[in-house]
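The values are calculated or read from the model by the stated rules, or taken from the named source; none is laboratory data. Values in this document were obtained by computation on a predicted structure and should not be read as measured data. Here Cβ is always computed from backbone atoms with ideal geometry, including for glycine, and neighbour counts include all displayed protein chains.
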């Protein structure tokens, strides 16, 4: 069987120098029917390895569940990598960042806030150990020493940017080795002295993450990793987007030159991302470095393959660089084609408030519970209580996480935004019933706010007097595509609306959301993700395997407004700031 080791200067595969030319491809961000296509295109670009994170919270949505089939079949994904004649790098965390909800850590783990986060704490370590053993049962038989593709496994992820608990890292290594992982183990950190020092420990080969100034960054890495191969485990060839910001791009030629600078010095590389994919459903994370910024549904990342798997200018620029270091396949790379363009009338609708079809549970509370208290870890909920306002009054919450729509006797009053640090609003006079719809916009995926609770935090007061007697309705978004709606176009938000359309054959689609306000959209029952008029994303990607020849449905849950009661499908993705 093959054997993969770390030599004095290089990685060694069966005793021969092996320069890792890898690309990041997250199986959980790509429809499983597209995995083989994306892997094949990676090889055609000149790559010899595929890297993926493993998202704990996707595989284990509750403490006693585990899913590893369909779109979460990591074993099948790795087998497809092997079938393409490529190697694999697996990065199971347990923390992955990846701009993914809660950095991949399951929210249920922190319902009890005495549980530690990314440190040697017994409750946390017990859950992590169970998780890693499950992952390694999939990975261990697929190591290169067993005839599989896996050549490296990473421990934690950019840990030096978060902590310095060396005993914690050592325990992760122990669990990993005990579970049968024999390939080399690596750490990754930004090339900063403190981070490289704190983020690794004995038994780990240090790698770095950066997107520019490659020569300088590799020099810093060499200072902390005196022997063995130099590797950029995350070569940032683009960047992620947040709602309300701009779409990030990088110059293809300049980025290709940085790639060449790494490879010309004998370094190995993992291009982050080769193909970004999509934060389907409600899986996007968020950043909070003083201001809460949720990540968009699209994880396009300005990568060599766009969100629909089509080669970009960056693909061909990278391919030319890689041709200097590896023999490229003779097969031609097929260009992408535009998606079909058409319009669909939204002919069925119903108001969201009072639509029992979406309510999964109703409960009564004296004081406000968080969404985590209710074990409702993603999505939205409706809070209501009786009030009495003889005159205009100030409604105040301790904190809103993350967006709240306020209604007085069923009439909209306004919106409270975590991003804008808003937690209070004026209610009109003579109000009898207060209703608040709360949306979790994505859990923070980087920094000290990992693991925080969601919803309405702390006490709710009206002119300083605490409000009690709350009714909470949890919304199950999986029920929206099947909700009983009535005929007629949608009118006033919040609402659920639906339209139907015909296709001659399955096809990739781009759903144009620019005429809508804020909400969620489904095609044929798949929650594509969030949309929001403030951009920079104005389309939602629909993978062809989700569509079918004949009748198809599009459903949306709109919180704010519809300029048009139509769904438009366009030929290309729209990733630009909103022009007001």
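Any residue in the range 139-154 that is closer than 23 Å to residue 47 by Cα, at pLDDT 95 or above, within 21 Å of the chain's Cα centre (by Cα) and in a loop (DSSP other than H, G, I, E, B)? There is no residue in the range 139-154 that is closer than 23 Å to residue 47 by Cα, at pLDDT 95 or above, within 21 Å of the chain's Cα centre (by Cα) and in a loop (DSSP other than H, G, I, E, B).
Within the range 198-213, identify whether any single residue is in a helix (DSSP H, G or I), touching a residue at least 40 places away in the same chain (Cβ under 8 Å) and touching a helix residue (DSSP H, G or I) at 6+ places or on another chain (Cβ under 6 Å), and answer yes or no. Don't jump to the end; show me each part of the working.
Taking the range 198-213 and keeping what is in a helix (DSSP H, G or I), we get 198.
Keeping just the survivors that are touching a residue at least 40 places away in the same chain (Cβ under 8 Å) gives none.
No, because not a single residue in the range 198-213 is in a helix (DSSP H, G or I), touching a residue at least 40 places away in the same chain (Cβ under 8 Å) and touching a helix residue (DSSP H, G or I) at 6+ places or on another chain (Cβ under 6 Å).
Among the residues of the range 319-349, the one identified as within 19 Å of residue 300 (Cβ to Cβ), modelled with pLDDT of 95 or more and touching a strand residue (DSSP E or B) at 6+ places or on another chain (Cβ under 7 Å) is 339.
Suppose the filter is farther than 20 Å from residue 544 by Cα, under 16 Å from the mean Cα position of the chain (by Cα) and assigned by TED's automatic domain parsing to the domain that holds residue 272; does residue 56 pass it? In short, yes. Residue count for the range 520-573, restricted to those that are crowded, with 20+ Cβ neighbours inside 10 Å and either in a loop (DSSP other than H, G, I, E, B) or on the phi > 0 side of the Ramachandran plot (or both): 8.
For the range 408-439, the candidate set comprises residues that are more than 31 Å from the chain's Cα centre (by Cα), assigned to a strand (DSSP E or B) and touching a residue at least 24 places away in the same chain (Cβ under 8 Å); within that set, the residue that is nearest to residue 292 (Cα to Cα) is 425. Residue 81 - would you say it is touching a residue at least 12 places away in the same chain (Cβ under 8 Å), in the same structural domain as residue 60 (by TED's automatic domain parsing), touching a helix residue (DSSP H, G or I) at 6+ places or on another chain (Cβ under 7 Å) and part of a strand (DSSP E or B)? Answer is no for this residue.
Looking at 164, 187, can you tell me which residue is modelled with pLDDT of 95 or more, assigned to a loop (DSSP other than H, G, I, E, B), in the same structural domain as residue 145 (by TED's automatic domain parsing) and in contact with a helix residue (DSSP H, G or I) (Cβ under 8 Å, 6 or more places away or on another chain)?
164
If the requirement is being more than 16 Å from the chain's Cα centre (by Cα) and either surrounded by 18 or more Cβ atoms within 10 Å (Cβ to Cβ) or outside any helix (DSSP H, G or I) (or both), which of these qualifies: 320, 327?
327
Restricting attention to the range 351-399, the residues being in contact with a helix residue (DSSP H, G or I) (Cβ under 8 Å, 6 or more places away or on another chain) and surrounded by 15 or more Cβ atoms within 10 Å (Cβ to Cβ) number 7. Here residue 113 passes the criteria (1) more than 28 Å from residue 19 (Cα to Cα); (2) in a helix (DSSP H, G or I); (3) touching a residue at least 12 places away in the same chain (Cβ under 8 Å) except the one numbered (2). State yes or no: is residue 75 more than 24 Å from residue 376 (Cβ to Cβ) and modelled with pLDDT under 95? No, not satisfied. Evaluating residue 12 against the criteria (1) assigned to a strand (DSSP E or B); (2) touching a residue at least 12 places away in the same chain (Cβ under 8 Å) leaves one unmet condition, (2).
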